[in-house]
Amino acid sequence: MLKMKFLLSSVLLIVTINLQGRAQIRAAKINYERKTNLEKKYAKSDWMKDYLAEIGKTKIDFFELYYNDTVSAFYPVENEIREDLWWTTEKNTVWQNLKQNKLYAKRSIWDEEVYISDSLHFRKWKITDVKRKICGFNCRMALWQADSMHTFYAWFAPDLICSTGPESYNGLPGAILGLAKEDGSVTYFATSVSILNPEKEKLLHPTKKIKYKSTNELKEEIFRTNGRDKMYKELEISYFKYW
């Protein structure tokens, strides 16, 4: 009789889960593949156009994101051998503390590592009814109008309940599994989702012997060194406006 009750309870539990959908996941690891169309990224650079015509147009990079219900950490997956085109794309590390509204990031600017501490980036999202599956998860599409010329598309999974995503992206009711710039120059898509509790060390930003600067402090430092020429403007957009 006890065995029968146990089997009946198990069946009811399975039915309940199927009716309600996949259980919400409070901690996980997400692997991403980023594709960068170098021709589009460097469309305004004449010498790069000629260079890219010889070496190809698309560069692929890999990242991993760890999260729990309060913190996320986004890391590049480094190769042991340095790639020929390493300098054509940025590989940022970003920690987001959702409860404290804090963002920490490690960026490589002109092959020099800099650390940033700031508040979380705010983006005004418009959630649509467009749906798709990514890594087996039901996702909905949201739009962010970055400016008059650039729109970003994000596909978030409500079952992954942390409001985080690639780079500094957040602000949606679920983790972002797909992210794309409208012109197709940059796309991030999850390749796998592993349900696990990340080690504490994976989620903590470094503090020992690290000097963090605010975004504005870093901008001013770059301005003092280089001035607001064309290169500065391109750098400001690339490093501070979108990512």
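Between A105, A180, A154, which is touching a Leu at 6+ places or on another chain (Cβ under 6 Å) and in contact (Cβ under 8 Å) with a residue 24 or more places away in the chain?
Numbers: A105 fails: touching a Leu at 6+ places or on another chain (Cβ under 6 Å); A180 fails: touching a Leu at 6+ places or on another chain (Cβ under 6 Å).
Just a single option satisfies the conditions, and that option is A154.
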Subject >> Residue in segment 19-60 that is modelled with the highest pLDDT, counting only those that are among the aliphatic types (A, V, I, L, M) and over 25 Å from K202 (Cα atoms) >> reply: L38
Subject >> Single unsatisfied condition, T225 versus (1) part of a helix (DSSP H, G or I); (2) surrounded by 13 or more Cβ atoms within 10 Å (Cβ to Cβ) >> reply: (2)
Original post:
Can you name every residue in segment 126-146 that is closer than 21 Å to N92 by Cβ and touching a residue at least 24 places away in the same chain (Cβ under 8 Å)?
Top reply: A146
Original post:
Filter segment 84-98 for residues that are among the charged types (D, E, K, R) and either under 21 Å from K211 (Cβ atoms) or at pLDDT 95 or above (or both); which is nearest to the chain's Cα centre (by Cα)?
Top reply: K91
Original post:
Is there any pair with a first residue in segment 194-211 that is over 12 Å from L65 (Cβ atoms) and surrounded by 12 or more Cβ atoms within 10 Å (Cβ to Cβ) and a second that is modelled with pLDDT of 95 or more and acidic (D, E) whose Cβ atoms are under 8 Å apart and which are 6 or more apart or on different chains, and what are they?
Top reply: none
**OP:** For Y169, state whether it is under 27 Å from E112 (Cα atoms) and touching a Lys or Arg at 6+ places or on another chain (Cβ under 8 Å).
**Re:** yes
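Could you look through segment 123-181, keep only residues that are of a type in the set (S, T, Y) and over 22 Å from S192 (Cα atoms), and pick out the one that is surrounded by the fewest Cβ atoms within 10 Å (Cβ to Cβ)?
In this case the residue turns out to be S148.
Among the residues of segment 129-142, are any closer than 20 Å to T70 by Cβ and part of a loop (DSSP other than H, G, I, E, B)?
First, the residues of segment 129-142 that are closer than 20 Å to T70 by Cβ: none.
Checked segment 129-142: no residue is closer than 20 Å to T70 by Cβ and part of a loop (DSSP other than H, G, I, E, B).
Results for (1) of a type outside the set (G, A, S); (2) modelled with pLDDT under 95, shown as yes or no for each residue.
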residue: H150; (1), (2): yes, yes
residue: N170; (1), (2): yes, no
residue: I176; (1), (2): yes, no
residue: D183; (1), (2): yes, yes
residue: A190; (1), (2): no, no
residue: E221; (1), (2): yes, yes
residue: R224; (1), (2): yes, yes
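The values are calculated or read from the model by the stated rules, or taken from the named source; none is laboratory data. Keep in mind the model is a prediction, meaning the values are calculated, not measured. FYI the Cβ positions are ideal-geometry reconstructions off the backbone, even for glycines, and counts take in every protein chain you see.
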